[in-house]
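Notes follow the structure.
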Number of protein chains: 2
Amino acid sequence: MHKGKITIHDISKELGIDSSTVSRALNNSPRVSKKTKEKISAKAKELGYQRNSLASKLRTNKTHTIGVIIPRISRHFFASAIAGIEETAYDAGYDVIICQSLDSYEREQKLIETLLANRVDGIIISISMETTNYNHLDRYKANGFPMIFFDRPCETEKNTNVIIDDFQASFEVTEHLIFNGYKNIVHFSGPQTNLLYQNRCKGYKAALKKHKYPIRKEYIIESKLMEEDGIENAKKALNLPNVDAIYSANDMAAISAMQYLKSQNIKIPEQIAFAGFSNEPVSAVIEPSLTTVNQPSFEMGKVATNILFDQLNNNTRENKTTILEPTLIIRNSSSKTNNN
Amino acid sequence: MHKGKITIHDISKELGIDSSTVSRALNNSPRVSKKTKEKISAKAKELGYQRNSLASKLRTNKTHTIGVIIPRISRHFFASAIAGIEETAYDAGYDVIICQSLDSYEREQKLIETLLANRVDGIIISISMETTNYNHLDRYKANGFPMIFFDRPCETEKNTNVIIDDFQASFEVTEHLIFNGYKNIVHFSGPQTNLLYQNRCKGYKAALKKHKYPIRKEYIIESKLMEEDGIENAKKALNLPNVDAIYSANDMAAISAMQYLKSQNIKIPEQIAFAGFSNEPVSAVIEPSLTTVNQPSFEMGKVATNILFDQLNNNTRENKTTILEPTLIIRNSSSKTNNN
DNA sequence: TATTAAAATACAATCGATTGTATTTTTGAA
DNA sequence: TTCAAAAATACAATCGATTGTATTTTAATA
């Protein structure tokens, strides 16, 4: 048997009913009588008919598909956001195509092209760390396609962003460390080309400033915050004088830094306290458990998707930024007492 | 501006060149002169032409897309397998559509339908835990589409599977525990409808048998091995006499069980030793670090994809099972001595 | 029964790209 | 310069489903 051989025309011929009627019947159009519908769907089943979505999408110019581009699916935050996106999308009868940019600009560009070529109805994207210009996105948006940014906002003028208050969360984490008596807090920051990491860095600085602590450039270590960066950063931190706490802009780097310091017999939090960001599951398992910030990832996915559908249904392209509230999760890595 | 408005016909009109020539030029056909190609691609760029893949796929009956269905993207094993799949696929000029079944049979069924409707060239799947019949898959395969099963094999007669030697790995884990002096080993098993968990269970039993240890039904606790199951299972294990080790058929349940036991002040591995399966990253971070089995996930993805391409290119549908070798990773949760 | 409105179905064009065949243009050899 | 071969381009059908319009059938009313 050949690939997806059966078409509405096969059904049409077998029954002597025009293919337009077959199409309408399969789409449950009121223009087809009940009796005919039954005959058609019975025959469709008999022949193993499987609609060709490509043809349908081509004709209707509607794919009922949204594209999602994220840095990597293995991060809990993104996996959870995708869950939120999929739930909302499937309820609305939309399919979701998940793509990972692996934080590569080139790949992100290609993915956009592919999604464009496949005529997705809209895109939800968390831009890659490498992305510093937005030409590839502008071109897409110029076509009038809706595009929602989440987690990592897009800096250019008019965009729809769904983010958390990174500044505020970062401020709270830092202040939490300060309240617990830590004075020389190193910050592992991400690429400053990205607004998200800029904001987290600003929050850190603002907290120091509020409490009249000095802001020292060398205490801000910039990297891509991958696992290996955490170790490198930890080494750098050890070479700085008096460091008694490290606040990492993501959990990944915090975890590997902690592992490294533990291997060097440095006590956490007694000698160096820790805080991370994102609440990856592993942060609850490591000892001491890692103080971090929980982002409402699932909700973010839902919100982003709903906004996308709003824009699609009302054919508007508003440029609002929606800010969701993160929560500080205090665990054992950041308090001098009470460490079980 | 309207959606993806520019077509080859627009270019055709503007230049007074037939659309067939435009199409050939854009596909770099030798039938079009260099000069014309240049004119066309310049105009295409100028107009912001974006090929409509849907039309192309419809016409050629080739989508250059493969579908991947896995239980969940958040599992490290699957994320890593996907990396292997994507790398291989992209090198061959194929797109990949990732879908998660969330271990639901119903969802898996729908996903197959969607992929079918979108005429993917082939499917790579790790079936859901709930899946016990294969009608939805058979129907797909009956159409002559290639389908590769990985990790969780398909039991029905003729299939192409890429799996690891679960029996052997499980046997080794269990024997490792036995060698370390553990005598009453509980096994957390997954749904026995799934060959994978059957094999892991068999390996466990075989090791006990070899060393003349009794196989006790109540020592085999079956569940879906989710996080919450680990806790439940741990409670059950505590009610059994003399339990001194737990071997869980996945890391997830092992980790949550360990966390629970630790909260009950039970010493690991002194009182109860642990071993898991899959080598989730968290298993290296928990204390004590968890002995587990590493599956060559990335390689599995690559192998599965290459087999798929073989079948596509040679138009064969062989039914081989490829078995990859897992490795036992011995950490601190399973040895009575040397626990740092 | 005749007439007409409503319901059901058929016809035909279309979505955008591809591709076999036909035609025109160019090139090169005689 | 002439003509065949080769190169370049044009024509037209096609993939499978959808949809506006036209036609036929059925049902309802007078």
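The values are calculated or read from the model by the stated rules, or taken from the named source; none is laboratory data. The structure presented is a predicted model; accordingly, all values stated were derived computationally and were not measured. Note that we place each Cβ from the backbone using ideal geometry, even for glycine, and neighbour counts take in every protein chain shown. Areas reflect the complete protein model, heavy atoms only, side chains present, ligands, DNA and RNA absent. Shrake-Rupley method; radii C 1.70, N 1.55, O 1.52, S 1.80 Å.
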Completion exercise
Residue hits (the range A:260-296; open to solvent by less than 10 Å² (accessible area, probe 1.4 Å), in a loop (DSSP other than H, G, I, E, B) and within 12 Å of chain B (Cβ to nearest Cβ)) are A:ILE286, A:LEU290
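May I ask you to verify whether B:LEU47 is out of contact with any strand residue (DSSP E or B) (no Cβ under 7 Å at 6 or more places or on another chain) and surrounded by fewer than 21 Cβ atoms within 10 Å (Cβ to Cβ)?
Details: out of contact with any strand residue (DSSP E or B) (no Cβ under 7 Å at 6 or more places or on another chain): yes; surrounded by fewer than 21 Cβ atoms within 10 Å (Cβ to Cβ): yes.
Yes: the conditions hold for B:LEU47.
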Exercise for the section: Return a yes/no flag: does the range A:148-158 have any residue that is away from chain B (no Cβ under 14 Å) and basic (Lys, Arg). Expected result: yes
Exercise for the section: Filter the range B:13-44 for residues that are surrounded by 17 or more Cβ atoms within 10 Å (Cβ to Cβ) and within 7 Å of DNA strand D (Cβ to nearest atom) and give the result. Expected result: B:ILE17, B:THR21, B:ARG24, B:VAL32
Problem - B:ASN135 being modelled with pLDDT of 95 or more and more than 20 Å from B:ILE164 (Cβ to Cβ) - result: no
Handout entry: Condition check for A:ASP10: near DNA strand D (Cβ under 8 Å from one of its atoms), more than 13 Å from chain B (Cβ to nearest Cβ) and touching a Leu at 6+ places or on another chain (Cβ under 7 Å)
Key = yes
Exercise for the section: Provide a single number: the residues in the range A:145-162 that are touching a Phe, Trp or Tyr at 6+ places or on another chain (Cβ under 9 Å) and open to solvent by 20 Å² or more (accessible area, probe 1.4 Å). Expected result: 2
Problem - Subset of the range B:1-60 that is more than 10 Å from DNA strand C (Cβ to nearest atom) and among the β-branched types (Val, Ile, Thr) - its residue that is nearest to B:VAL120 (Cα to Cα) - result: B:ILE40
Exercise for the section: Please state which of the following conditions B:ILE66 fails to meet, knowing it meets all the rest: (1) within 30 Å of B:ASN279 (Cα to Cα); (2) within 11 Å of DNA strand D (Cβ to nearest atom). Expected result: (2)
Exercise for the section: Find all pairs meeting these conditions: Cβ atoms under 7 angstrom apart; at least six residues apart or on different chains; first residue within the range A:89-117 and in the same structural domain as A:ASP138 (by TED's automatic domain parsing); second residue at pLDDT 95 or above and of a type in the set (Phe, Trp, Tyr). Expected result: A:ALA92/A:PHE309
Exercise for the section: Would you check if there is a residue in the range B:313-324 being over 28 Å from A:SER283 (Cβ atoms), at pLDDT below 95 and part of a helix (DSSP H, G or I)? Expected result: yes
Problem - Criterion: open to solvent by 30 Å² or more (accessible area, probe 1.4 Å), in contact with a Gly (Cβ under 9 Å, 6 or more places away or on another chain) and polar (S, T, N, Q) - qualifying residue of A:THR88, A:THR60, A:THR114 - result: A:THR114
Practice task
Identify, from the list A:ALA55, A:ALA83, A:ALA89, the residue that is at negative phi and within 12 Å of DNA strand D (Cβ to nearest atom).
Solution key: A:ALA55
Handout entry: Among the candidates B:HIS136, B:HIS176, residue that is part of a helix (DSSP H, G or I) and within 17 Å of B:PRO71 (Cβ to Cβ)
Key = B:HIS136
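More than 30 Å from B:ASN313 (Cα to Cα) and either more than 15 Å from DNA strand D (Cβ to nearest atom) or assigned by TED's automatic domain parsing to the domain that holds B:PRO281 (or both): is that true of B:HIS76 in this structure?
Details: more than 30 Å from B:ASN313 (Cα to Cα): yes; either more than 15 Å from DNA strand D (Cβ to nearest atom) or assigned by TED's automatic domain parsing to the domain that holds B:PRO281 (or both): yes.
For B:HIS76, the condition - more than 30 Å from B:ASN313 (Cα to Cα) and either more than 15 Å from DNA strand D (Cβ to nearest atom) or assigned by TED's automatic domain parsing to the domain that holds B:PRO281 (or both) - is met.
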